[in-house]
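Chemist: For reference, the structure I am asking about is given below.
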Amino acid sequence: MGIIDNLAKRLFNQATVISKKVIAKNAFHLKIQGDSLSNLQYITGEHLRILVGFNLTDNLKDKVRTYSIWHYDPIQRTIDLAICTHSDGIGSRWIEQLEVGQEVYFSNPKGKFIVDNSADYYLLIGDASALAHLYEINRNLIAKKDVKGFFYSNHRSELFNDIDGSQPFNFYELSENPVNQLITLIEKTLPTSHGKGIVYVGGDGRVCVALNQYFKQKGWNKHQIKVKPFWMPHKKGLE
């Protein structure tokens, strides 16, 4: 293992893989456990940066990929992650080769795509890459919130239930970048929602940009519109 790999290990936290399961086409459920997870300063919606490129590159940036926290249990000292493998990049090769009992190295949680309980109703929108993140947001909203979720993929088999087995969102088979279809669904929903709304849009960067513009045109302010591009065609390592 190279000098950069050894240095990175010393700078990152460490935990052990205790479970790895296929949960959908192109998706794994990964559970890690360790003493470093006993008292994390975690806000719902933050993510981890994980080292995935040992011995594959000398560029530290190319060794790191970002994954949403699906569930954190400080008592059991565990974190659950949903790892999507739509590309043949370093992250996809890492999760394919990873085995129970191996170590995972990661940063402390961080991020701004986090839970906000100030609204009366919520729209959660995204593709499979954002599903676990928005499941976590949904589970940590204050009770009795009006939540409607719209999630899509080319194939229904790429979408998966929440960690507790529930399916609180609507699933749709749609092609990539289905902005017009999503706007149609949104416009059917908005008349039934009352009070202040917040929308979360995650996944495809093209959808994030288009829906951000759409809601601004509808008069929503920047505090009501939360977007996070998880990926963009032909770009590598996008958070």
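All of the numbers you see were taken from the coordinates with simple rules; none came from a lab. None of the values given here were measured: they were computed from a predicted structure. So basically every Cβ, Gly included, is an ideal-geometry build from the backbone, and we count neighbours across all protein chains shown.
Chemist: Which of the pairs Lys196/Lys235; Lys148/Lys228; Lys110/Lys188; Lys25/Lys144; Lys31/Lys222; Lys148/Lys216 have their Cα atoms more than 28 Å apart in this structure?
Modeler: Details: Lys196/Lys235 35 Å; Lys148/Lys228 18 Å; Lys110/Lys188 35 Å; Lys25/Lys144 33 Å; Lys31/Lys222 34 Å; Lys148/Lys216 19 Å.
Checking Cα-Cα distances, Lys196/Lys235; Lys110/Lys188; Lys25/Lys144; Lys31/Lys222 exceed 28 Å.
Chemist: Can you run phi through the Karplus equation (6.51, -1.76, 1.60; θ = phi - 60°) for the range 203-213 and list ³J(HN,Hα) in whole Hz, with x for Gly and Pro?
Modeler: Once θ is set to phi - 60°, the couplings for the range 203-213 become x, 4, x, 5, 5, 4, 5, 5, 6, 4, 5 Hz.
Chemist: Something else about it: Lys112: net charge of surrounding residues, Cβ under 9 Å, Lys/Arg +1, Asp/Glu -1, itself excluded?
Modeler: Result for the local shell: +2.
Chemist: Between Leu174 and residues 5 or more places away or on another chain, which pairs have amide H atoms under 5 Å apart, with H built 1.01 Å from N, and which residues are they?
Modeler: Sorted by chain and number, the residues that satisfy this are Ser153, Asn154.
Chemist: Pick from His71, His155, His194: which is most flexible by mean-square fluctuation in a GNM of the chain where alpha carbon atoms under 10 Å apart are linked?
Modeler: In the Gaussian network model the winner is His194.
Chemist: Another one. Under 12 Å from the Cβ of Tyr152, count the other residues' Cβ atoms, weight Lys and Arg +1, Asp and Glu -1, and hand me the total.
Modeler: -4
Chemist: Given H placed on each backbone N at 1.01 Å, which residues far from Gly149 in sequence or on other chains put an amide H within less than 5 Å of it?
Modeler: HN-HN under 5 Å from Gly149: Leu124, Asn170.
Chemist: Going by the alpha-carbon gyration tensor, a ≥ b ≥ c the square roots of its eigenvalues, is the range 99-166 rounded (a/c under 1.5) or, if a/c is not under 1.5, prolate (a/b greater than b/c) versus oblate?
Modeler: oblate
Chemist: Considering the dipole of the range 56-192 built from charges on the beta carbon (Lys and Arg +1, Asp and Glu -1) around the Cα centre, which of Pro74, Ala119, Ile186 is farthest to its positive end?
Modeler: Of Pro74, Ala119, Ile186, it is Ala119.
Chemist: If you place +1 on the Cβ of every Lys and Arg, -1 on the Cβ of every Asp and Glu, and leave all else neutral, what size is the dipole of the range 121-231 about its Cα centre, to the nearest 20 Debye?
Modeler: 580 debye
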